[in-house]
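Before any comments, here is the structure.
The values are calculated or read from the model by the stated rules, or taken from the named source; none is laboratory data. Note that the structure is a prediction, hence the values are computed from the model and not measured. Cβ sites come from the backbone with ideal geometry, for glycine too, and all protein chains shown count toward neighbours. Calculation scope for accessible area: heavy atoms of the full protein, side chains included, ligands and nucleic acids excluded. Shrake-Rupley method; radii C 1.70, N 1.55, O 1.52, S 1.80 Å.
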Amino acid sequence: QVQLEESGGGLVQAGGSLRLSCAASGILFSIDTMGWYRQTPGNQRELVAAITSGGSTNYVDSVKGRFTISRDKAKNTVYLQMSSLKPEDAAVYYCNVRVEIRHIMGVTQADYWGQGTQVTVSS
């Protein structure tokens, strides 16, 4: 059974830092990309940052220079270091793991999601 265990959310003052962690277990297929999404009430979930198996990273423009995503492949764990936090960064942050399933017909991708961790930034 696949489990994504998230930790590190909480309340922080504007300008502060938080580090999110997400440990994946029970995954039987090759992990392609690990990432973090966030969602606020009434809005769609948006990609914050992602990192591929090769180490390439991708960030939403609003967090570039403030957030850093990293990955420990041996531990199937992804981290999001968030610095210089702003009130607009407040959201529920979700860990995402995308796997590749190789079969006779080709390759299929599947997504797994964490339960979400709340990040609150006070002004």
Checklist line | Accessible surface of Glu88 - all protein chains present, 1.4 Å probe, nearest 10 Å² | finding: 120 Å²
Notebook entry, point to check: If ligands, DNA and RNA are left out, what is the accessible area of Ser83 with a 1.4 Å probe, given in Å² to the nearest 10?
Noted result: 40 Å²
Next item on the list: Might you tell me the accessible area per residue for the chain, computed with a 1.4 Å probe and given in Å²?
Entry: 55 Å²
Notebook entry, point to check: If R0 is 22 Å, what FRET efficiency do you get for Arg19 and Thr120 from their C-beta distance, rounded to 0.05?
Noted result: 0.90
Item checked: Cα centroid of segment 1-33 to Cα centroid of segment 44-123, whole Å -> 8 Å
Next item on the list: Quick one: compute the contact order of the chain, relative version, from alpha carbon pairs under 8 angstrom and 6+ residues apart, as a percent.
Entry: 34 percent
Item checked: Candidate residues Trp36, Trp113: accessible-area rank, largest first, probe 1.4 Å -> Trp113, Trp36
Notebook entry, point to check: Expressed in nm to one decimal, what extension gain is obtained for the pair Ser7 and Ser56 from 0.36 nm per residue of sequence separation less their Cα-Cα distance?
Noted result: 15.3 nm
Check: Are there trypsin sites (Lys or Arg not before Pro) in segment 37-111 that DSSP puts in a loop and that have at most 14 other Cβ atoms within 10 Å, and which ones?
Finding: Lys64
